1. Given the structure, is residue 69 aliphatic (A, V, I, L, M) and open to solvent by less than 20 Å² (accessible area, probe 1.4 Å)?
2. Every residue in region 47-65 that is more than 20 Å from residue 187 (Cβ to Cβ) and either of a type in the set (Lys, Arg) or under 13 Å from the mean Cα position of the chain (by Cα) (or both), please.
3. Considering only residues that are among the small types (Gly, Ala, Ser) and open to solvent by 10 Å² or more (accessible area, probe 1.4 Å), look in region 112-143 and name the one that is nearest to residue 160 (Cα to Cα).
4. Can you tell me which residue within region 43-66, out of those that are among the hydroxyl-bearing types (Ser, Thr, Tyr) and closer than 21 Å to residue 140 by Cβ, is least open to solvent (accessible area, probe 1.4 Å)?
5. Considering only residues of region 144-168 that are over 17 Å from residue 51 (Cα atoms) and of a type in the set (D, E, K, R), which is most open to solvent (accessible area, probe 1.4 Å)?
6. Any residue in region 180-197 that is assigned to a strand (DSSP E or B), of a type in the set (Gly, Ala, Ser) and buried (at least 18 other Cβ atoms within 10 Å of the Cβ)?
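The values are calculated or read from the model by the stated rules, or taken from the named source; none is laboratory data. Note that the coordinates shown come from a computational prediction; the quantities given were computed from them, not determined experimentally. Cβ atoms come from the backbone with ideal geometry, glycine included; neighbour counts cover every protein chain shown. Accessible surface areas use protein heavy atoms only, side chains included; no ligands, DNA or RNA. Shrake-Rupley method; radii C 1.70, N 1.55, O 1.52, S 1.80 Å.
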Amino acid sequence: TVREAAATKVRSRISQPPGAAAHFPAPAVRVSGRALRIEVGGASTGGPVAVRTFLSELPREFSLPILLVQHMSPGFTPGFVKWLKGSSSLPVELAAEGTRISSGRVYVAPDGRHTEVLSGGVVHLTDAPPEHGVRPSASRLFRSALESFGGAVAGILLSGMGEDGAAELRRIRESGGLTFAQDEESSVAWGMPGAAVRYGGAEHVLPPHRIAQVLARIVLEK
C-alpha cells in the first residue's frame with residue numbers, strides 16, 4: 001500500500017462544475033446491445049468532491065440504483081452521506097444489511113465493512129479481510145455486482161490512491177458492462193482510475209461531471 005501511494009501522482013484539487021424511487025429491479029437500459037441494471041463506484045483520496053460532483057449532475061429521473069465505496073477514516077461516513085444529500089437530487093443513504101436496493105437511489109458503503117450486492121438486489125455487509133488494505137473495498141463491491149448481474153453493470157472509478165477496483169473494472173468491461181474512469185486532469189490522486197486505464201478497464205475517461213452527463217444521457221435515452 002505504501003509503495004502504491006508513493007507511486008501515485010497527487011494533484012491540487014481542481015474545481016469542477018456543480019450540478020420516491022421505483023422498486024428494484026429497474027427496467028433494463030439498452031446500450032449498444034447491453035442492458036444496465038445497476039451502477040457501482042469506488043473512490044478514495046480526492047473522492048468526496050468527485051463523488052459529490054458526479055451525483056449533483058444526475059437528474060432525479062435517473063433510474064439505476066447506485067452503490068458507492070468511498071475510503072474514509074472511521075466515523076466520517078455518516079457525515080459524508082449527509083453532505084452528499086445536500087447536492088444530490090437522488091436520495092442518499094448508508095447501505096445496510098438486508099436492504100433491497102431501489103432504482104434511482106444511492107447507497108454508500110458504511111465504515112469498516114465490505115458492501116456486496118447479491119442476486120435480486122439485496123445488500124450484504126461482511127467482515128471479510130481487507131482488500132488492497134481497505135475495508136470497504138471497491139474490488140469486492142464490483143465483483144459482487146458482476147457475479148449477480150453479469151454485464152448489466154455500469155462501473156466507475158474516481159480519484160484515489162492505489163488500485164482498488166481497477167482489475168474488477170476491467171472484468172466488468174470484458175463482461176459487456178459500461179465502464180468509466182476519472183481523467184488525470186481532474187483527479188487529486190490518479191491511482192485507482194489510472195490503474196483502470198492501464199489495465200484497459202475504462203471505456204470512457206472523463207471528469208466526474210461529464211461521467212454523470214454521459215451516463216444520464218445513456219440511461220434516459222432507453
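1. yes
2. Going through region 47-65, the residues more than 20 Å from residue 187 (Cβ to Cβ) turn out to be 59-65.
Those that are more than 20 Å from residue 187 (Cβ to Cβ) and either of a type in the set (Lys, Arg) or under 13 Å from the mean Cα position of the chain (by Cα) (or both): 60, 64, 65.
3. 133
4. Going through the qualifying residues, I end up with 44.
5. Looking at the filtered set, the residue picked out is 147.
6. Yes.
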